[in-house]
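The values are calculated or read from the model by the stated rules, or taken from the named source; none is laboratory data. Computed from a prediction, not measured in an experiment: that's the story for all the values here. Note that we place each Cβ from the backbone using ideal geometry, even for glycine, and neighbour counts take in every protein chain shown. Heavy atoms of the whole protein, side chains included, go into the accessibility calculation; ligands, DNA and RNA do not. Shrake-Rupley method; radii C 1.70, N 1.55, O 1.52, S 1.80 Å.
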Amino acid sequence: MQQYPNINVQTIATEKLTNFQSDNVDLAIRQGRLKAVKGLHTQALSPLNLRAVCSPHFAKDLQAINRLEDCLSYPLIQDSHKLWDAFLSENELTTQSRIAQFNQTTLAIDAAANGQGIALAPQILLNNELAQGRLIELCPDTRDNQGGYYLVYPDHHKNSPNRDALINWIFSEFQINESSRLLE
């Protein structure tokens, strides 16, 4: 809003895939693994760089955690992307602890910050909580092809200087975030 005060932006947070023809949406940011879709332009913004995190208080009672498998005997927290379920399935593992389910990543991160368990979440969404000391990182997810964040918009869309300005701004913000992460 500061850089482009004349551009009206409406943000809709949903798990539902956008229908660009009927939803009156110009662009979307999606999390997952990149899939080519005919008629859509898709550009990578950032890898997920998943991290297992918990509150400092919760961490006091943990044994040494060097890899994700070490988390499985503790309460786990996941959002609707079901990152713990995917990790368990891909590695043919099970857990005896419960997995608390939240429909939004921010809710899962907040639950971890409040000592409810260990969340597995993208680094880019954890930076503020880690910097403020509300969360600590236990270990990274070292699996290949964790997916990422992608900007998606129709290939054949009417010329829109406002949309193009917003796209350029989004890319500049992700580059700033990526650069600041490299300095940490």
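Odds and ends about this structure:
- Spin-label pair V25/S80, simplified geometry with 7 Å Cα→Cβ offset, distance in nm: 1.0 nm
- At full extension, A64 and W169 could sit 33.7 nm farther apart than now, given 0.36 nm per residue minus the alpha carbon distance.
- Here the chain exposes an accessible surface that is 49 percent carbon and sulfur, computed with a 1.4 Å probe and the other protein chains kept in place.
- Ratio of the Cα radius of gyration of region 132-171 to 2.2 N^0.38 Å, where N counts its residues: 1.94
- Highest mean packing first, where packing is the average number of other Cβ atoms within 10 Å per residue, the peptides 91-102, 129-140, 69-80, 11-22 line up as 69-80, 129-140, 91-102, 11-22.
- The coefficient of translational diffusion for region 31-78, derived via Stokes-Einstein from the alpha carbon Kirkwood radius under 25 °C and 0.890 mPa s, stands at 174 µm²/s.
- Measuring max minus min along each principal axis, the C-alpha atoms of region 1-68 give extents of 51, 34, 20 Å (largest first).
- Cα-centred dipole magnitude for region 72-166, charges only on beta-carbon of K, R (+1) and D, E (-1), debye, nearest 20: 240 debye
- The magnitude of the dipole of the chain, with charges of +1 and -1 set on the Cβ of Lys/Arg and Asp/Glu and taken from the Cα centre, is near 280 debye.
- Long-range amide H partners of I7 with built H, under 5 Å: none
- With the charge dipole of region 26-101 set up from +1 on Lys and Arg Cβ and -1 on Asp and Glu Cβ about the Cα centre, the Cα lying farthest toward the positive end among the listed residues T42, F87, Y74 is that of T42.
- Three principal axis lengths of region 1-154 [C-alpha, angstrom, descending]: 51, 37, 22
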